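Please treat every number below as a calculation from the coordinates, not as lab data. Everything numeric here is computed off the predicted structure, so don't read it as measured data. Positions of Cβ are backbone-derived with ideal geometry, glycine not excepted, and every protein chain shown enters the neighbour counts.
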Amino acid sequence: MDDRSSASLWKEAKELFPGGVNSPVRSFRAVGGEPFFSRRAAGATIWDADGRPYIDYVCSWGALPLGHAHPVIEAALLEALAEGTSFGVPNPREVRLANIIRAAVPSIEKLRMTSSGTESCMTAVRLARGFTGRDKIVKFAGCYHGHSDSLLVKAGSGALTHGEPDSAGVPTALAELTAVLPWNDPVAARDLFAREGKEIAAVILEPVPANAGLLPPLPGFLDQIRDLCDQHGTLLIFDEVITGFRLGMGGAQERFAIRPDLTILGKIVGGGLPAAALGGRADILERLAPEGDVYQAGTLSGNPLAMAAGLAQIKEMERSRAHARLEELGAFLESEIRDLLRRRGECHVQFHRMASLFCLFFTENPVCSLEAALGSDRKRFAHFFHSLLRQGVFFPPSPFETCFLSTAHSLADIGKTVIAIDQALKES
Ligand SMILES: *Cc1c(COP(=O)(O)O)cnc(C)c1O
């Protein structure tokens, strides 16, 4: 068994991987200091390689709404494992998970399984272009849709804190086909559509952006975008990689009663293993190969272990009424934090929450867009983050990420967290 310390693993990792990591935000670049390695997590607790426990608000970036190492998922994985890890032919679990997704998300009439959110978003864009015969797409500043070329333009998540939201290596000719709009600004959207509507294949958005902090849509904004798309023959793509199965079984589209043409799911649908999906109107999905002329494929797509984990997690969420519990925990955390902010007379902190998603922005101004989020105090966030970490609370290591509650978080965990936040606000 590998019992090396976090520090010694980090030293070696820096020699092996660019920035020491296999996904940028893990490097702690946005907050400074060294990231910790982990070899074990259970429930709401993640341990670093030196055995120190943390209350975890990252929860694998939202993939684990029931917490780490859930026994039901573990049992499902062991059962699937005994039957083989990958077949290269269709397996029954793909059909079972697809049926559960379709029943939960009515706009999804047909779907394709993939292995990552990036892959699903990339395919959605290609499919929208193939279906409409148009080349332009529209996204919103601060929304993250994975790292395919067309979508890595003014993107959120790690792309925000690593210098360039616009990556090197994306050909200008391609980036020019991606128009970027400010979030929560219907006038800007209307203007763009008035000029170029007939050339726009698709609008892609996170219905509740959670990759530049949490930026809920203003009332009516999503309806306005749906109307603009309808008026111009443009497809509306909801990237529900975070919100899917988190804001309720039907995701954000159920909560806001909007029917997108295409939907991306990820994170929760894989139960902690690599799986994602792209679904939507049957007439659009039928354009995918081998039925249609838009190509997409994947050696490990619909992988039986990933399907087993996703199935077990989603079924267990439904059985245990996880969404009601997540809302209860979120509401409790919100009232405690708002009390604390009031008690401390903190007018330089904005607290946002929706269901089990929440974040703090260190600014006195209301935050409804990426621009406003970027105006928050990053240095204070870094001090705040490290104070929490010292106290055994792990928040996402960036001022532009969202915290995730799981059903494994107890009221006592939240109570401890609020005390730690009080101390961290003092120290930052
Ligand atoms: C995480 C995320 C993605 C990318 O998913 P990967 O599996 O990391 O490729 C896409 N969209 C949103 C909204 C995400 O949060």
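Determine which aspartates and glutamates satisfy two conditions relative to LYS315: a Cα distance under 13 Å, and not lying fewer than 8 residues away in the same chain.
Qualifying aspartates and glutamates at Cα under 13 Å: none.
Add +1 for every Lys or Arg and -1 for every Asp or Glu among the other residues with Cβ under 10 Å from the Cβ of THR45, and state the total.
Values: positive: ARG40; negative: ASP56, ASP413.
Around THR45, the charge tally is -1.
Run the numbers for GLU371 and HIS348: contour at 0.36 nm per residue of separation, minus the present Cα-Cα distance, in nm.
6.6 nm
Which value, in debye to the nearest 20, describes the size of the charge dipole of the chain about its Cα centre when Lys and Arg Cβ atoms bear +1, Asp and Glu Cβ atoms bear -1, and nothing else is charged?
It comes to approximately 400 debye.
For each of LEU265, LEU370, count neighbouring Cβ atoms within 10 Å of the residue's Cβ, then give the residues from fewest to most.
LEU370, LEU265
Could you work out how far apart the two model spin labels at ARG190 and GLU12 are, taking each label as a point 7 Å from the Cα in the direction of the beta carbon, and quote it in nm?
With each label placed 7 Å out from Cα toward Cβ, I get 6.1 nm.
Taking the mean number of other Cβ atoms within 10 Å as a proxy for protection, how do you rank 94-103, 250-259 from highest to lowest?
Taking the mean over residues of other Cβ atoms within 10 Å, the ranking is 250-259, 94-103.
Write down Rg/Rh for the stretch 30-165, rounded to two decimals, with Rg from the C-alpha atoms and Rh from the Kirkwood relation over Cα pairs.
Result: Rg/Rh = 1.02.
Please report ARG390, ARG343 as a ranked list, fewest other C-beta atoms within 10 angstrom at the top and most at the bottom.
Ordered by Cβ neighbours within 10 Å, fewest first: ARG343, ARG390.
Please express the shape of the chain as an equivalent ellipsoid: the semi-axes are the square roots of 5 times the eigenvalues of the C-alpha gyration tensor, given largest first in whole angstrom. If you can, show how the numbers build up before the last one.
Values: eigenvalues 208, 146, 88 Å².
After scaling each eigenvalue by five and taking roots: 32, 27, 21 Å.
With Cβ to Cβ distances under 10 Å as the rule, what net charge do the other residues near PRO35 carry (K, R +1; D, E -1)? Provide the component values of the computation, followed by the final result.
Working: positive: ARG26, ARG29; negative: GLU34, ASP48.
Neighbourhood net charge equals 0.
Which of the trypsin sites (Lys or Arg not before Pro) found in the stretch 1-88 are loop residues per DSSP with 16 or fewer other Cβ atoms within 10 Å of their Cβ?
Counting only loop positions with at most 16 other Cβ atoms within 10 Å, the trypsin sites (Lys or Arg not before Pro) in the stretch 1-88 are ARG4, ARG39.
For the pair ASP293 and SER23, how long in nm is the line joining their label points, each one 7 Å along Cα→Cβ?
3.6
Semi-axes, largest first, in whole Å: what does sqrt of 5 times each Cα gyration tensor eigenvalue give for the stretch 253-332?
Equivalent-ellipsoid dimensions as semi-axes: 29, 19, 9 Å.
Choose one answer from LEU285, LEU218, LEU405: the residue with the largest mean-square fluctuation in a GNM of the chain with alpha-carbon springs under 10 Å.
Comparing LEU285, LEU218, LEU405 in the GNM, the peak value goes to LEU218.
Quick one: plug the Kirkwood hydrodynamic radius of the stretch 71-319 (C-alpha pairs) into Stokes-Einstein at 4 °C, 1.567 mPa s, and report D in µm²/s.
Values: Rh = 18.3 Å.
Value of D from the Cα-based Kirkwood radius: 71 µm²/s.
Hey, rough spin-label estimate for GLU199 and ASP3, points 7 angstrom out along Cα→Cβ, what's it come to in nanometres?
6.5
When TYR295, TYR54 are ordered from fewest to most other Cβ atoms inside 10 Å of their Cβ, what list results?
Fewest-to-most Cβ neighbours within 10 Å comes out as TYR295, TYR54.
Sum up the charges of everything whose Cβ sits under 15 Å from the Cβ of SER6, counting Lys and Arg as +1 and Asp and Glu as -1, but leave SER6 out.
Local charge sum for SER6: +2.
At what distance in angstrom do the alpha carbon centres of the stretch 56-125 and the stretch 217-270 lie from each other?
19
Set the Förster distance to 30 Å, then compute FRET efficiency between ILE419 and ARG40 from the Cβ-Cβ distance, nearest 0.05.
Numbers: r = 25 Å, r/R0 = 0.83.
Plugging the Cβ-Cβ distance into 1/(1 + (r/R0)^6) gives 0.75.
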